[in-house]
Amino acid sequence: MSRMHKSSRGSSGSSNPVDKKQPDWLDYDEDEVEELVVKLKEEGNDPSQIGMKLRDEYGIPDVKTVTGKKITTILEENDAQDELPEDLNNLVEKAENIQDHLEDNQKDEDADRRLSLVEAKIRRLASYYRDEGRIDDDWEYEREER
């Protein structure tokens, strides 16, 4: 994956398990995994955190190999999804953190530049999610004036 605001390439993330079938040693069936996903969401975890907890604490290497569905699809079927997608919500929180920093450090020009770059990412991602129908057509990001 390439970087958005820099000419260099980015570092890649982790890869999925090589085997696409359910492991023989896995003791959970499809319904149990779906119940675990919903339970972890009710505890306040994001989809990425749910995947890590299932991997680390329950020994489920990949939800999709067991259930045939992604975590977000399971959450949508059980009406447990967030109003904003996780990546868009993380960018909005990042922008708010930079704004809080700029309140105390008005002369930090680098942070001001980073804020404008993050806001550009938010606008592009929101446009994509509007086209996909995952957020409302009237959702708009606005910088909080303080």
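The values are calculated or read from the model by the stated rules, or taken from the named source; none is laboratory data. Remember, it's a predicted structure, so these values are computed and weren't measured experimentally. Positions of Cβ are backbone-derived with ideal geometry, glycine not excepted, and every protein chain shown enters the neighbour counts.
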Problem set entry | Failed condition for Gln99, given (1) assigned to a loop (DSSP other than H, G, I, E, B); (2) surrounded by 13 or more Cβ atoms within 10 Å (Cβ to Cβ) | (1)
For this session: Report, ordered by the first and then the second residue, all pairs with beta carbons closer than 6 Å, sequence separation of six or more or different chains, a first member in region 31-45 that is in contact (Cβ under 8 Å) with a residue 24 or more places away in the chain and part of a loop (DSSP other than H, G, I, E, B), and a second member that is surrounded by 19 or more Cβ atoms within 10 Å (Cβ to Cβ) and acidic (Asp, Glu).
Result: none
Problem set entry | Matching option when the condition is within 23 Å of Lys6 (Cβ to Cβ) and surrounded by fewer than 17 Cβ atoms within 10 Å (Cβ to Cβ), among Arg130, Arg113 | Arg113
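A quick yes/no check of all residues on (1) surrounded by 10 or more Cβ atoms within 10 Å (Cβ to Cβ); (2) outside the structural domain of Leu117 (by TED's automatic domain parsing); (3) touching an Asp or Glu at 6+ places or on another chain (Cβ under 7 Å); (4) at pLDDT 90 or above:
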{"position": "Arg9", "(1), (2), (3), (4)": "no, yes, no, no"}
{"position": "Pro17", "(1), (2), (3), (4)": "yes, yes, yes, no"}
{"position": "Glu35", "(1), (2), (3), (4)": "yes, yes, no, yes"}
{"position": "Val38", "(1), (2), (3), (4)": "yes, yes, no, yes"}
{"position": "Lys41", "(1), (2), (3), (4)": "yes, yes, no, yes"}
{"position": "Lys53", "(1), (2), (3), (4)": "yes, yes, no, yes"}
{"position": "Tyr58", "(1), (2), (3), (4)": "yes, yes, no, yes"}
{"position": "Val63", "(1), (2), (3), (4)": "yes, yes, no, yes"}
Seminar exercise, completed: When region 66-77 is checked residue by residue, the ones that are touching a Lys or Arg at 6+ places or on another chain (Cβ under 8 Å) and outside any helix (DSSP H, G or I) are Lys70
For this session: Pick out the one residue from Glu140, Glu86 that is of a type in the set (Asp, Glu) and touching a residue at least 40 places away in the same chain (Cβ under 8 Å).
Result: Glu86
